[in-house]
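Reviewing the structure listed below.
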Amino acid sequence: MINYFSEDVDFEISESEIKSSWLTKVIENEGYNLSELNYIFCSDEYLHKINLEYLEHDTYTDIITFDNSEEEGLIEGDIFISVERVKENAIAFNTSFENELKRVLVHGVLHLCGYLDKSDEDELLMRSLENKYISI
């Protein structure tokens, strides 16, 4: 089950059923089963506070993913997304808001599947997988 919420922003995801089906397909393609996934759309400030409080990072970011799964092979988590940051990144990367949103949605899922993006090598793999899944 995939849920979509908003905190401190007026945002409603478009085509939620289509996106949920797509994300479920990504999860299954990666060899996982979906338990529950919550996307929480918020402002830069809201996400910055979470970044400070839980990760001790004093930076702005577009996404923070929390893995709540207790079983191997099961996806359960909370993914916080800054709508402001997605809009700015869409402009910076010369793409549509919808395309950048899909990139961030799948990015969080890939983290829950165990992919990292801290090293250059990990980041290249993450980008490659994002591009692969955005196109399906």
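The values are calculated or read from the model by the stated rules, or taken from the named source; none is laboratory data. Treat the numbers as computed from the prediction; the structure is a model and nothing was measured. Here Cβ is always computed from backbone atoms with ideal geometry, including for glycine, and neighbour counts include all displayed protein chains.
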field: Qualifying residue in the stretch 66-87 (condition: under 20 Å from S135 (Cβ atoms) and under 14 Å from the mean Cα position of the chain (by Cα))
entry: yes
- prompt: Which of the residues that make up the stretch 7-26 are without any contact (Cβ under 8 Å) to a residue 60 or more places away in the chain and not in a loop (DSSP other than H, G, I, E, B)?
  reply: S16, E17, I18, S20, S21, T24
- prompt: Which numbered condition trips up T95, out of (1) at pLDDT 95 or above; (2) within 22 Å of Y32 (Cβ to Cβ)?
  reply: (2)
field: Hits in the stretch 27-63 (condition: surrounded by 16 or more Cβ atoms within 10 Å (Cβ to Cβ), part of a helix (DSSP H, G or I) and of a type outside the set (V, I, T))
entry: D44, Y46, L47, H48, N51
- prompt: Residue check: is N131 polar (S, T, N, Q), touching a residue at least 12 places away in the same chain (Cβ under 8 Å), surrounded by fewer than 19 Cβ atoms within 10 Å (Cβ to Cβ) and part of a helix (DSSP H, G or I)?
  reply: no
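Let's see how each residue does on (1) in contact with a Lys or Arg (Cβ under 7 Å, 6 or more places away or on another chain); (2) under 19 Å from I2 (Cα atoms); (3) hydrophobic (A, V, I, L, M, F, W, C):
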| position | (1), (2), (3) |
| --- | --- |
| K25 | no, yes, no |
| E28 | no, yes, no |
| I40 | no, yes, yes |
| Y46 | no, no, no |
| N89 | no, no, no |
| S96 | no, no, no |
| V104 | no, yes, yes |
| C113 | no, yes, yes |
query: Within the stretch 45-72, can you find the residues that are modelled with pLDDT of 95 or more and over 23 Å from K118 (Cβ atoms)?
result: E45, Y46
statement: In the stretch 49-96, residues that are of a type outside the set (A, V, I, L, M), farther than 25 Å from N29 by Cβ and free of Cβ contacts under 8 Å to residues at least 24 places away in the same chain total 11
